[in-house]
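Working notes, beginning with the structure itself.
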Amino acid sequence: MALQSLDIARRSATTTEAPQVRHTEEVAKLIDVSACIGCKACQAACMEWNDIRPEVGHNVGIYDNPQDLDDKTWTLMRFTEVEEHGKLEWLIRKDGCMHCADPGCLKACPSPGAIIQYANGIVDFHQENCIGCGYCVTGCPFNVPRISKTDSKAYKCSLCSDRVAVGQAPACAKACPTGAIKFGAKEDMVHYAEDRIVDLKERGYRNAGLYDPQGVGGTHVMYVLHHADRPSLYAGLPDNPQISPMVSLWKGIAKPLAMVALGATALGSLFHYVMKGPNEVSKELEDEMDKEAALEKEDAK
Amino acid sequence: MIRNPRDLQRYTASERANHWVLGICFILLGLSGLAFFHPAFFPLVNLFGGGTWARILHPWIGVIMALFFLVMFIRFARLNLMGPVDWDWLSKVGKMVDGDDHDMPEQGKYNGGQKLLFWGLALSMLLLAASGVVMWRAWFSFPVEVVRVAMVVHAATGAFMIGLIFVHVYAAIWTRGTIRAMLYGTVTRAWAKQHHRGWYRQVTGKN
Ligand code: HEM
Ligand code: SF4
């Protein structure tokens, strides 16, 4: 449900203007990967606050548990082991919705109001309007939305829009024991990240940097990465995410083009009929057939 | 029902039933598909009991349509093979659309336009069924890159097929005396001689 205290900036499958008299500050969550110890407190806090309980999984030899995001797992710690300069590095990334400024899910969604972007940047799914088509899954460059096997609705991290609406930080940020998850105005988060990056560079991570990919207009969940030159090291974080050209084609030029073509065909037909008249059977042929019928009758007699 | 014993039988009852199953499926698919395609049409989902129902029903109706289309394809494919006379007909169609059909080359059961439309519809149906299955999340999960391509193919082909059917329906309305062929199966001799002289000769043995 739309939250009264959060203004809506964009709404899926809606072609008219959103309300915009108020100016709302953009918020962001900053995940400092270099400060994360992989304790999964955030994962537990997410389940707790949102009251969702994924099925208890199995240990398959890695720390990731469950194995993937699902309708009840909106955030997931992904663990990667890489060797850098002869040293083992254990990279731990908290995966989940990035809350893109230009959200592919929202662009793809055919159902009005199933996906909302608030003026503060949060992208939220409103399941009561969701029809379960899964278009959002194709729109997302980060492979985040999941369609529930039980109710066929789409689910993902809401950035705790309900908490943010009343001035609280997201549950994950609240729970993190090392301060690796920060939440606040996006501007402040960028400044904070700059300090962290200076620190990391001093410690020898020459390529440390902020992950705020411009291909999707920037995100409202950002990472501080030690290896910002190679985001894909972190369990396949896209190096250069953008809405797939296929989705842009489908949701962009294809629609007006098809509408105009179909409209023109329909109107063209109508005006053709009105201006040229129907293609009648000629009177001549009808008379000929009548004559033929009369002759046949005669013959029969 | 025979209106006039001299009328010519163009379609059997089972061919007509097959055609109307396709017609009904197509209208339902077109309406629900357009609802997903453009926000302006989203309210059409209410014809199906809401967005979720439209999403659930559309692919099933699609499967029914694809099966009946296959039957119709088998029935009519041979009659729709294109020949030189069909291309000749097509090259002159502009004049006919302009209102003068006197110089049109003689046509068999189907004219070049109808044949081309037949193949256009068959190709559309094939592409729609294949891409539709790829997009059907309730039952299948294809790699996302494949689904993305399928979305574009399905949407574009859907629009194309709707356009073809507009033309198909309009041609039937414009050419008076045609719709009855699909309603009670017969056409008048005059109609046959004017529009499909080759077929007229074949079924009547006359000139
Ligand atoms: C075997 C046949 C078909 C199958 C399996 C199929 C399946 C699908 C599926 C799965 C969707 C996504 C929405 C949903 O989940 O319900 C869809 C959308 C759509 N379908 Fe079909 N369909 C078929 C035939 C057709 C036909 C014949 C038409 C043309 C009239 C059509 C037009 C559309 C359109 C326009 C969309 C919306 C595409 C968009 O959102 O841009 N479909 N179809
Ligand atoms: S599954 Fe729901 S949220 Fe995703 S695109 Fe379809 S209607 Fe929108």
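Computed quantities for the displayed model
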item	result
Residue pairs meeting the criteria (Cβ under 7 Å; at least 6 apart or on separate chains; first facing chain A (nearest Cβ under 7 Å), in the range B:169-184; second open to solvent by 40 Å² or more (accessible area, probe 1.4 Å))	B:W174/A:Y273; B:W174/A:P278; B:R176/A:P278; B:R176/A:E280; B:G177/B:T188
Qualifying positions in the range A:107-135 - open to solvent by less than 10 Å² (accessible area, probe 1.4 Å), hydrophobic (A, V, I, L, M, F, W, C) and more than 8 Å from ligand 2 (Cβ to nearest atom)	A:I116, A:I122, A:V123
Residue identified as assigned to a loop (DSSP other than H, G, I, E, B), open to solvent by 30 Å² or more (accessible area, probe 1.4 Å) and more than 21 Å from A:T150 (Cα to Cα) among A:R53, A:R22	A:R22
Within the range A:257-275, tally of residues that are at the interface with another protein chain (Cβ under 8 Å from one of its Cβ atoms) and over 31 Å from the mean Cα position of the chain (by Cα)	5
Close pairs (6 angstrom Cβ cut-off, 6 or more residues apart or separate chains): within 14 Å of another protein chain (Cβ to nearest Cβ) and part of a loop (DSSP other than H, G, I, E, B) in the range A:149-165, of a type outside the set (D, E, K, R) and open to solvent by less than 40 Å² (accessible area, probe 1.4 Å) anywhere	A:S152/A:G132; A:K153/A:C130; A:K153/A:G132
From the options A:G104, A:G113, A:G132, residue that is within 14 Å of chain B (Cβ to nearest Cβ) and over 29 Å from A:Q168 (Cβ atoms)	A:G132
Qualifying residue in the range A:232-244 (condition: surrounded by 13 or more Cβ atoms within 10 Å (Cβ to Cβ), more than 24 Å from A:L159 (Cβ to Cβ) and not aliphatic (A, V, I, L, M))	no
Count of the range B:179-189 residues which are among the β-branched types (V, I, T) and surrounded by fewer than 18 Cβ atoms within 10 Å (Cβ to Cβ)	1
Count of the range A:278-301 residues which are facing chain B (nearest Cβ under 7 Å), open to solvent by less than 50 Å² (accessible area, probe 1.4 Å) and out of contact with any Lys or Arg (no Cβ under 6 Å at 6 or more places or on another chain)	3
Extreme residue, nearest to ligand 1 (Cβ to nearest atom), among residues of the range B:32-66 that are among the β-branched types (V, I, T) and open to solvent by 30 Å² or more (accessible area, probe 1.4 Å)	B:V63
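The values are calculated or read from the model by the stated rules, or taken from the named source; none is laboratory data. The structure presented is a predicted model; accordingly, all values stated were derived computationally and were not measured. For neighbour counting, all protein chains shown are included, and Cβ atoms are generated from backbone atoms with ideal geometry for every residue, glycine included. Please note that ligands, DNA and RNA were not included when accessible areas were found on the heavy atoms of the full protein model with its side chains. Shrake-Rupley method; radii C 1.70, N 1.55, O 1.52, S 1.80 Å.
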